[in-house]
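First up is the structure itself, then whatever we jot down about it.
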Amino acid sequence: MIDKTVPQTFTSPTYGRLDWEQAIAKMVWFMGTDTDASYEVIIGTDSEAQNGEADFVSALIVHKKGRGGIYFWSRQKVEKLFSMRQRIWQEALISLGLAEKMVSEFGKMGLVNLNLEIHVDVGPNGPTRELISEIVGMIRANGFKVATKPASWGASHVADRHV
């Protein structure tokens with residue numbers, strides 16, 4: 001079953017366990033600490049599967065260009081995913097759901113110029129190369145910038161760290 005369920009609980013190496021609203025508030029606070037800096041918001045999801053059950057980890061990252069950043073991660077399990085194709089699509093849909101919800105939340109606060117990019121764990125080498133055009137097309141069709149391997153560090157390094 002593929003859906004884009006948005007996780008509600010996140011963990012931060014800096015701030016500990018937070019709910020969605022608290023994580024968003026910390027992101028807004030972080031970007032407000034230096035209003036002259038340039039920020040990018042990255043969303044990436046990675047997964048690991050075993051016996052039809054997949055463990056998905058999503059990362060919400062605020063990168064203060066050239067000066068570090070903060071991130072929040074969440075884990076969710078999805079059953080009855082038996083193919084890599086299903087899993088990669090689920091990763092992309094979870095990230096897309098998070099991006100849509102984040103844009104809505106930031107918009108309510110008047111923050112409309114969000115430099116947001118979705119990082120997907122697909123690349124030109126290996127079995128995911130067949131999925132690049134489909135996944136990238138879906139994300140772009142929803143109005144978001146997208147990065148693939150090797151530039152998709154939000155999924156392949158940050159989220160992957162917690163899978």
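The values are calculated or read from the model by the stated rules, or taken from the named source; none is laboratory data. Computed from a prediction, not measured in an experiment: that's the story for all the values here. Cβ placement follows ideal geometry from the backbone for every residue including glycine, while neighbour counts extend to all protein chains displayed.
Looking at segment 102-122 only, could you name the residues that are at pLDDT below 95 and not hydrophobic (A, V, I, L, M, F, W, C)?
SER104, GLU105, GLY107, LYS108, GLY110, ASN113, ASN115, ASP121
Need pairs with beta-carbon distance below 9 Å; first residue at positive phi and within segment 39-63, second at pLDDT below 95 and of a type in the set (Lys, Arg); sequence gap 6+ or separate chains.
Taking only residues 6 or more apart or on different chains, the pairs are GLY52/LYS80.
Just a yes or no: is a residue in segment 15-22 more than 20 Å from ASN142 (Cα to Cα), over 13 Å from the mean Cα position of the chain (by Cα) and crowded, with 17+ Cβ neighbours inside 10 Å?
Yes, that holds for at least one residue.
Report, ordered by the first and then the second residue, all pairs with beta carbons closer than 6 Å, sequence separation of six or more or different chains, a first member in segment 10-22 that is under 19 Å from VAL163 (Cα atoms), and a second member that is not in a strand (DSSP E or B).
What qualifies is PHE10/ALA23.
When segment 30-54 is examined, which residues are found to be charged (D, E, K, R) and either in contact with a Pro (Cβ under 8 Å, 6 or more places away or on another chain) or surrounded by fewer than 22 Cβ atoms within 10 Å (Cβ to Cβ) (or both)?
ASP34, ASP36, GLU40, GLU48, GLU53
Matching residues to (1) in contact (Cβ under 8 Å) with a residue 40 or more places away in the chain; (2) closer than 21 Å to GLY52 by Cβ:
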{"site": "VAL78", "(1), (2)": "yes, yes"}
{"site": "SER83", "(1), (2)": "no, yes"}
{"site": "TRP89", "(1), (2)": "yes, yes"}
{"site": "GLU100", "(1), (2)": "yes, no"}
{"site": "VAL103", "(1), (2)": "no, no"}
{"site": "LEU111", "(1), (2)": "yes, no"}
{"site": "LEU116", "(1), (2)": "yes, no"}
{"site": "GLY126", "(1), (2)": "no, no"}
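May I ask you to say which residue of LEU96, LEU111, LEU60 is aliphatic (A, V, I, L, M) and out of contact with any strand residue (DSSP E or B) (no Cβ under 9 Å at 6 or more places or on another chain)?
LEU111
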